Amino acid sequence: MTRLTTVARALLAAFTVTLTAITPTATARATTDPTAPKDFVALRSVDATIIQEMRYATPHNFVGERIEGYRQPLCILTRPAAEALHRAQSALLRQGYSLKVYDCYRPQRAVNHFVRWAEDLDDEAMKGEFYPNVDKTRLFADGYIAAKSGHSRGSTLDVTLVRVPAKPTRPYRPGEPLVPCFAPRSERFPDNSIDMGTGFDCFDTLSHTLDPRIQGRQRANRLLLKNTLAGVGFVNLAEEWWHYTFEPEAYPDTYFDFPVSRKSLAGAH
């Protein structure tokens, strides 16, 4: 009996030492996230007047749920991109407009979430609004979803224009009836953006910035956005009227994965 007790005590002591040795390291791995380089900033610290409606921190997006890595509804950019956006905002305010950003820096884990969703062909909860005319099997081939995104490099954003004074966009109600993103402005989701011909993240060729079917005021609105941003160094992605990259990029070959949160910027100032 005494021998068994001694053996049991020895085993318990060894287990306790082992657990003490490995637990802090395992916990640290589980809770430590990468942080942003020092030249990444919250857009609000550079220009607090630019409206932010960070769609991927909400369920109102093509996936239909908050996207992994978006812990706060916060626009983060490299400082050169943020400062260029401030210059554009100053020019637009004098004309009665404000910029509104839908997305800025996007962590790689969010891109991975998009990829997993695209591979799940049974999940078409948001098809009625964001990709009514696109078969989900075509999302990769047609370029709507990819394994890497320029957003993860920190100098790319999704942006639109709003008339000032701006009325807030009403909250999206999960489960509400979906209207195609290319429907007339009076019918689709009531975004406070001026009419660009389609809504944000509309998977359709009508979203091509210079699609010839987009004419009149809608085309003029797209060109106002495009020309203003081009004047401060942003380049538009031809397939998406809302997508712009500031050049030269600070990190043209690096895809970051720190979360979208103020904590990620704790050491960046």
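The values are calculated or read from the model by the stated rules, or taken from the named source; none is laboratory data. Everything numeric in this text was worked out from a predicted model, so none of it was measured. Heads up, the Cβs are rebuilt from the backbone with ideal geometry, glycines too, and the neighbour counts pull from every protein chain shown. Each accessible area value is taken on the protein alone, full model and side chains, heavy atoms only, with ligands, DNA and RNA left out. Shrake-Rupley method; radii C 1.70, N 1.55, O 1.52, S 1.80 Å.
Compared with the dominant principal axis of the Cα atoms in the chain, helix 108-119 is inclined by about 80°.
Of the solvent-accessible surface of the chain, computed with a 1.4 Å probe and all protein chains present, 58% belongs to carbon and sulfur. Remark: the chain carries 50 Å² of accessible area per residue (probe radius 1.4 Å; ligands, DNA and RNA excluded).
Indicate the gyration tensor shape class of the stretch 118-262 (rounded, prolate or oblate), computed on the Cα atoms with a ≥ b ≥ c the square roots of the eigenvalues: a/c under 1.5 is rounded; otherwise a/b larger than b/c is prolate and the rest oblate. Judged from the Cα gyration tensor, the stretch 118-262 comes out rounded (a/c under 1.5).
Solvent-accessible surface (1.4 Å probe) assigned to GLU68 amounts to roughly 80 Å². Rounded to the nearest 20 debye, what is the charge dipole size of the chain about its Cα centre when +1 sits on each Lys and Arg Cβ and -1 on each Asp and Glu Cβ? Dipole about the Cα centre, nearest 20: 920 debye.
Divide by every residue of the chain the summed helix terms, -39500 (n - 2.57) for each DSSP H run of at least 4, and state the resulting mean residue ellipticity at 222 nm, rounded to the nearest 500 deg cm²/dmol. Working shown, then result.
Details: 5 runs with 76 residues, N = 269.
-9500 deg cm²/dmol, from helical runs alone.
Under the rule a/c < 1.5 gives rounded, and otherwise a/b versus b/c splits prolate from oblate, where does the stretch 127-188 land using the Cα gyration tensor? Here the stretch 127-188 falls in the oblate category. Shape class of the stretch 200-269 from the Cα gyration tensor (axes a ≥ b ≥ c, square roots of the eigenvalues): prolate, since a/c reaches 1.5 or more and a/b is larger than b/c. Over the chain, the ratio between the Cα radius of gyration and 2.2 N^0.38 Å evaluates to 1.25.
The C-alpha atoms of the chain define a longest principal axis, and helix 79-93 lies at about 30 degrees to it.
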